Amino acid sequence: MIEIKDKKDCCGCTACASSCPKKCIAMESDKEGFIYPVIDLNRCVHCNICEQVCPQDKKNICTNTIPETVVARDKREKILSIGTSGSIFTSVIECVLAEHGTVYGVIVDGDNTVKHIRVDSLEDRRLSKIPCSKYVKSEIRGIYPQVKADLQSGRKVCFSGTPCQVAGLKCFLRKDYSNLICVDVICRGNPSPLFWKRFTEYLEKKYKSKIVDVRFRNKTYGYHSGTMKVSFENGKVYYGSARTNYYLRAFFEDLCSRPSCYRCQFKHIQHMSDLTLYDSWHASELADLQDDDKGYTNIIIQSPKGRKLLDELKTIEKHPVDTLKAVELDGVMVENSVKWNEKRDVFFDSIEDENIKCHCSKFMTVSFKDRIIESAKRIYYYKKFNG
Ligand SMILES: Cc1cc2nc3c(=O)[nH]c(=O)nc-3n(C[C@H](O)[C@H](O)[C@H](O)COP(=O)(O)OP(=O)(O)OC[C@H]3O[C@@H](n4cnc5c(N)ncnc54)[C@H](O)[C@@H]3O)c2cc1C
């Protein structure tokens, strides 16, 4: 029977709860907003399936083979402008749905919840919300059994998520499916859905309007200075980079991630996925490309299935590069977990007690200089794009 003695040992993937034959494991939120398995001992039959499917400590994916890497991006300017780095996932979606497959990806829902969804049609209006990184632990309860049902029906299925979510899915499935393709992203850490909820409530109150769209890393001010863009129903738009935006700041200062992210078990070049995506900050050095500040993605090709899919993506430009050099230049998060921030637990202790901006200001300082630099940046980019 699964027993979480240390929260750093549970990535919250839901493989245990989804596998329980007695359905006696519930994934419940703790006071930080992260979900953990809670077992109804009266119904548990001690079959130990939950332990067997837990992806933690399953290190058998490590081999000595170094997979290939390409630096890539979508050739279509409009698509490139909306993705996080090279906007690879839009092309993946189009390819899979064109073959009547199903795509699982992450969106920000109408109530600002960040969650996994299932899409099986190019007409689905939620499709455009799937690309772009959402720096929040996504709600994934109930998704693995849906993936399994799709796989068993013979459909092609593409699942995208963090490395722990892909590993959780693979462990839950307990067998290889030739019709499954997994795409994961290198992940710094997964911030708390509760913190995100409090932050969006604060923004909606401040702007006196509902949020209609969120881009965690918008390229209005260029790829390299990724900025959060939040659009409101009343037409107002908020921009804030990690210099002045407390949410992004807390993420990059490692104040708000799930405990398991500080001892992440999935920090290897090799993953259980077929393709692994991460930011290519040094595309110009890696592949002798011109850095036009529009973004490139490093793609690690983890399997022959990944290679085949990549070959089918005709709207993507691809440049083979040295995997180890790419990891050295861009991939600090490929092989390393983030360091534990000593203030993290105190940050969560009182997260519900006061206005979230006041709360954050006790842990992070946004100086006058930061605000000046942020304003100057906007003027610079306005002039750059408007002459
Ligand atoms: C929480 C998180 C942390 C990250 N940390 C790093 C990092 O430290 N270093 C780095 O180089 N790259 C990191 N990335 C990846 C990076 O932000 C880009 O996603 C990557 O470069 C691919 O960009 P793209 O434009 O090609 O992908 P896009 O076309 O924008 O597609 C993004 C994909 O990510 C999936 N996704 C979005 N949000 C989530 C989520 N919350 N959980 C699971 N899946 C999600 C979407 O379903 C989609 O498939 C992180 C991504 C996430 C979600």
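The values are calculated or read from the model by the stated rules, or taken from the named source; none is laboratory data. These figures come from a predicted structure and were not determined experimentally. No Cβ is skipped: glycine too gets one built from the backbone with ideal geometry, and neighbour counts run over all protein chains shown. Just so you know, the surface numbers come from the protein's heavy atoms only, side chains and all, with ligands and any DNA or RNA stripped out. Shrake-Rupley method; radii C 1.70, N 1.55, O 1.52, S 1.80 Å.
Structure notes:
- Filtering LYS229, LYS219 for residues that are touching a residue at least 40 places away in the same chain (Cβ under 8 Å), surrounded by 18 or more Cβ atoms within 10 Å (Cβ to Cβ), of a type in the set (D, E, K, R) and out of contact with any Asp or Glu (no Cβ under 7 Å at 6 or more places or on another chain) leaves a single hit, LYS219.
Here is a yes/no grid of residues against (1) within 30 Å of LEU310 (Cβ to Cβ); (2) hydrophobic (A, V, I, L, M, F, W, C); (3) open to solvent by less than 20 Å² (accessible area, probe 1.4 Å):
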residue: GLU28; (1), (2), (3): no, no, no
residue: LYS31; (1), (2), (3): no, no, no
residue: ILE39; (1), (2), (3): no, yes, no
residue: THR69; (1), (2), (3): yes, no, yes
residue: ARG76; (1), (2), (3): yes, no, no
residue: SER85; (1), (2), (3): yes, no, yes
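- Residue count for the stretch 180-189, restricted to those that are assigned to a loop (DSSP other than H, G, I, E, B), open to solvent by 10 Å² or more (accessible area, probe 1.4 Å) and in contact with a strand residue (DSSP E or B) (Cβ under 6 Å, 6 or more places away or on another chain): 1.
- Only a single criterion out of (1) open to solvent by 50 Å² or more (accessible area, probe 1.4 Å); (2) within 24 Å of CYS187 (Cα to Cα); (3) touching a residue at least 12 places away in the same chain (Cβ under 8 Å) is not satisfied by PRO55, namely (1).
- Identification of helices (runs of 4 or more DSSP H) wholly contained in the stretch 282-387 with 3 or more residues that are within 21 Å of the chain's Cα centre (by Cα) and either within 16 Å of the ligand (Cβ to nearest atom) or at pLDDT 95 or above (or both) yields 304-312, 323-330, 332-335.
- The set of residues in the stretch 142-171 being part of a loop (DSSP other than H, G, I, E, B) and within 14 Å of the ligand (Cβ to nearest atom) consists of THR162 alone.
- ILE186 being touching a Pro at 6+ places or on another chain (Cβ under 7 Å) and either over 24 Å from ASN355 (Cβ atoms) or not assigned by TED's automatic domain parsing to the domain that holds THR84 (or both): no
- Some residue of the stretch 98-116 being in the same structural domain as GLU139 (by TED's automatic domain parsing), surrounded by 23 or more Cβ atoms within 10 Å (Cβ to Cβ) and of a type in the set (Lys, Arg): no
- In the stretch 263-281, residue farthest from ALA167 (Cα to Cα) [restricted to those that are open to solvent by less than 30 Å² (accessible area, probe 1.4 Å) and outside any loop (DSSP other than H, G, I, E, B)]: TYR278
Table: residues versus (1) within 16 Å of the ligand (Cβ to nearest atom); (2) farther than 27 Å from SER91 by Cβ.
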| site | (1), (2) |
| --- | --- |
| SER178 | no, no |
| GLU201 | no, yes |
| TYR207 | no, yes |
| ARG215 | yes, no |
